[in-house]
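Below is one structure, written out as structure tokens; the observations come after it.
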Amino acid sequence: MCMELSLRRLRTLREVARRGGVNAAAASLHYSPSAVSQQLEALGAEVGAPVLERRGRGVRLTEVGRVLTEHADILLAAERRACAAVEEARHTLSARLEVGVFAAAAASLLPAVIADLHAHHPGITLDSFEVDTEDAVTDLRHGQLDLALLLDYPDAPEPWAGDLTVVPLGLDRIHLACPADAPYAPGVDLAALAHEHWIISGPRTYYGRAVRTACRRAGFDPLVRHRVDGLATALAMVAVGLGVTLASDLGRVFTPAEGIRIVPFERPLRRAIVVAHLPHAEDRPTVRAVIDAFTRAAAAQGLGPVDAA
């Protein structure tokens, strides 16, 4: 009798292999570790042999697990092609898509995109996940996300292209965020902030690297007194006088009502907002419809054209 393989369980097995363990795979897949273990036990029952075996405190793939993992990419790619073909054959668009977003996009762009889809393509449902840019790229490549909004800073460019298709949405201007009583006026130079206490994320994050690179090009290393990953938290700390940070046009949605000013720089800092996906995904009409909705939302937010950089 021919065995019946669950593609969802194959996807879970592949993620365990890539992440190096059940716990890491569970975090990536947004499952509990016990749910991942149950799926792999069920997969083992499907094929008639365990796919994982204990090794010390962890687990490793059995020979059967390794064989299945080698074939998983082929089977999952065929599934994606089948989904695209079915969507092309439908008269109406219908799908549930998963999109990775950064915080400012989740607050400023995503609501407009969902409203747009509800009005024009009510059969398309978006599930969103707030993820760091590097994690979003990894999740796209592993098939955990259908689409992801990414940031591309001129001061710290990243090679998003290659195995990903990248669609520019626009340029997001970056400004100084300072306490309301700070002595800065529009047209301030970044170099004038060399003595300030900074509130930014750590150097391991893409944003943190970009800010530090921009400051170094202006002739100084920022004096980081408070290492904070969330922009909303950083802006709240600025509002009570703990330092300065940078905020983009999209990020201004998190600006407190009092105690803070947003000041444009003399030489504008910008970052590109792009939406990325695997190359084959553009064959899906639903993916194209979501990209179009993000493009309209970006234009409505006033993001500048990318060729204006």
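Across the chain, where is the longest run that never hits GluC sites (Glu not before Pro) in a DSSP loop with at most 12 other C-beta atoms within 10 Å? Walk me through the numbers on the way to the answer.
Details: sites that count: GLU4, GLU258, GLU266.
Within the chain, the longest run free of exposed GluC sites (Glu not before Pro) spans 5-257.
If you average the C-alpha positions of segment 243-309 and of segment 193-235 separately, how far apart do those two centres end up, in angstrom?
20 Å
Under a Cβ-Cβ cut-off of 14 Å, what is the net charge of the residues other than ALA297 that fall near it, where Lys and Arg count +1 and Asp and Glu count -1?
-3
Among VAL36, LEU126, PRO50, flag the residue with its Cα farthest along the positive direction of the charge dipole of the chain, charges on Cβ as +1 for Lys/Arg and -1 for Asp/Glu.
So the residue we want is PRO50.
In degrees between 0 and 90, to the nearest 10, how far off the longest principal axis of the chain does helix 7-19 point, with axes built from Cα atoms?
That works out to roughly 60 degrees.
Within the chain, which is the longest segment containing none of the trypsin sites (Lys or Arg not before Pro) that sit in a DSSP loop and have at most 14 other Cβ atoms within 10 Å? Kindly include the intermediate steps, with their values, before the conclusion.
Values: sites that count: ARG57, ARG90, ARG204.
Between exposed loop sites, the widest span is 91-203.
Among ALA298, ALA105, ALA24, determine the one that fluctuates most according to a GNM of the chain built with springs between C-alpha atoms less than 10 Å apart.
Of the options given, ALA24 has the highest mean-square fluctuation.
Report the residue, chosen from ASP283, ASP172, ASP146, that carries the largest GNM mean-square fluctuation when the chain is represented by alpha-carbon nodes joined by springs under 10 Å.
ASP283
Angle between the Cα long axis of helix 33-47 and the longest principal axis of the chain, 0 to 90 degrees, nearest 10?
For helix 33-47, the angle is close to 30 degrees.
Rule-based calculations on the coordinates, nothing more; no lab input. From a predicted model like this one, the values you see are computed outputs, not experimental measurements. As a convention, Cβ positions derive from the backbone with ideal geometry for all residues, glycine included, and neighbour counts pool all protein chains shown.
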